[in-house]
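Right, one structure below, let's go through it.
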Amino acid sequence: MRFEPTDVQRALREEVRSFAAEEIAPIAAECDRTGEFPDGVLDDLGEMGLTGLTLPEEYGGEGAGLVELVIAIEELSTAMMPVASALALHLGVATVVERFGTDGLKDELLAEMASYDTVGALGYSEDDAGSDKSRMETTAEHDGDEWVIDGHKRWVTNFFDADYVLTYAKTGPDADAPRNVSAFLVPSDEFEVDHVWDTLGARALKSPRVTLSNVRVPDERRVGEVGSAAIERGTVYNGVNVPARAVGIARAALEDTIEYTADREQFGRSVGDFQGVRWRVAEMAGNVDVARLLTLRAADLADRGGDSKRELAMAKIDATETAVEVTNEALQLHGGVGYTASKDIERYLRDARLLTIAGGPNELHRNTLADAVYGEK
């Protein structure tokens, strides 16, 4: 088993790390304070090839795998997690189009999605359909060559920049679940915005609640087979971006803590010279490495064609909870100044807290992991 990145992966890490440090990190705190997403940063990532990172080269992408996605997402999250979120959600939509869309749909949209000239958002969750998607209320009725869609979606990340929302709707009776859900690319201007939440963290990236009323979508905008969208979605492992984001946040908190405790003097010596502090920081470092390795393992298995549900659940649980624990410990070791906006630590903690919920709450992933573990008997 190899634990070292390839030369290509190492170069990708250095390129994204340099961009994140120079272009994103200096403005991250201000974007968090104002709730404004940094202008042009996704266009810049498009020019770097990151908005098409995992798409095939024939459609203008880089043809990279999920390991490369994890590397890029970690580096972006170290600077500003919402940027990584926006990139990952866009790529997730593009991946569904690439995997399950018609040749015509792929030829029309994927090259522009790879360059970020066409932007995707995800419409899956609803008020009563969070973890339990069987409670989805959005419907699509077949009418000739069109589908008539009514309903709502919430937590639609990227909506305000999106051209299309990948919208999941019931197209069959509940008795056919889960084979009663289909996916459609709906133009974003067909939605009405109901509510934009103020959130604890990830303030720069808005995920509003939106509604559709009697919206007509041509059948060629359907992605995948009728009734198969929920099943098909379960075979796409782009969700590995969530633990990757957690690793990035945790690493940022760790690095800031090492620097702060090394420079801060109390009682005539560096705070980092106290054994109790050193041991706590060392444990933080170990936990970050474990989270990274679990995340890379899940991505690598998926890249090799394996079923990584077990490994992804384990990585998601461990990495996101590590991010909360490490950022909280970092705040404690920073003392009072860590509780203020003069340091990035409190932002890391607020952003990390989202990730135990995003991508499915950890309780749901614990069920997935437990089912896999008992299934191994």
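The values are calculated or read from the model by the stated rules, or taken from the named source; none is laboratory data. Keep in mind that what you see is a predicted model, and the values were worked out from it rather than measured. Using ideal geometry, Cβ is built from the backbone for each residue, glycine included, and neighbour counts are taken over all protein chains shown. What goes into the accessible areas is simple: the full protein's heavy atoms, side chains included, and nothing from ligands, DNA or RNA. Shrake-Rupley method; radii C 1.70, N 1.55, O 1.52, S 1.80 Å.
Observations, loosely collected:
- Residue 160 meets each of the listed conditions (1) under 22 Å from residue 226 (Cβ atoms); (2) within 20 Å of the chain's Cα centre (by Cα); (3) assigned to a helix (DSSP H, G or I) apart from (1).
- Subset of segment 338-368 that is of a type in the set (Val, Ile, Thr) and open to solvent by 50 Å² or more (accessible area, probe 1.4 Å) - its residue that is farthest from residue 322 (Cα to Cα): 340
- Segment 36-65: number of residues that are open to solvent by less than 20 Å² (accessible area, probe 1.4 Å) and either under 28 Å from residue 349 (Cβ atoms) or out of contact with any helix residue (DSSP H, G or I) (no Cβ under 9 Å at 6 or more places or on another chain) (or both): 5
- Screening residue 147 against (1) out of contact with any Ser or Thr (no Cβ under 6 Å at 6 or more places or on another chain); (2) surrounded by fewer than 17 Cβ atoms within 10 Å (Cβ to Cβ) leaves a single unmet condition, (2).
- Residue satisfying condition, being open to solvent by less than 20 Å² (accessible area, probe 1.4 Å) and assigned to a strand (DSSP E or B), within set 129, 121: 121
- Residue count, segment 1-33 (criterion: of a type in the set (A, V, I, L, M, F, W, C) and open to solvent by less than 40 Å² (accessible area, probe 1.4 Å)): 7
- From 94, 129, residue being closer than 15 Å to residue 224 by Cα and among the aliphatic types (A, V, I, L, M): 94
- Single residue of 214, 287 found to be exposed (fewer than 14 other Cβ atoms within 10 Å of the Cβ) and at pLDDT 95 or above: 214
- Criterion violated by residue 189 - all others in (1) surrounded by 15 or more Cβ atoms within 10 Å (Cβ to Cβ); (2) assigned to a helix (DSSP H, G or I) satisfied: (1)
- Single residue of segment 175-186 satisfying the filter (over 13 Å from residue 138 (Cβ atoms) and part of a loop (DSSP other than H, G, I, E, B)) that is most open to solvent (accessible area, probe 1.4 Å): 179
- Here residue 301 meets each of (1) over 28 Å from residue 201 (Cα atoms); (2) at pLDDT below 95 with one exception, condition (2).
- Annotation note: of 204, 244, the sole residue that is part of a helix (DSSP H, G or I) and hydrophobic (A, V, I, L, M, F, W, C) is 244.
- Among the residues listed as 253, 229, the single one being surrounded by 24 or more Cβ atoms within 10 Å (Cβ to Cβ) and either closer than 30 Å to residue 326 by Cβ or without any contact (Cβ under 8 Å) to a residue 12 or more places away in the chain (or both): 253
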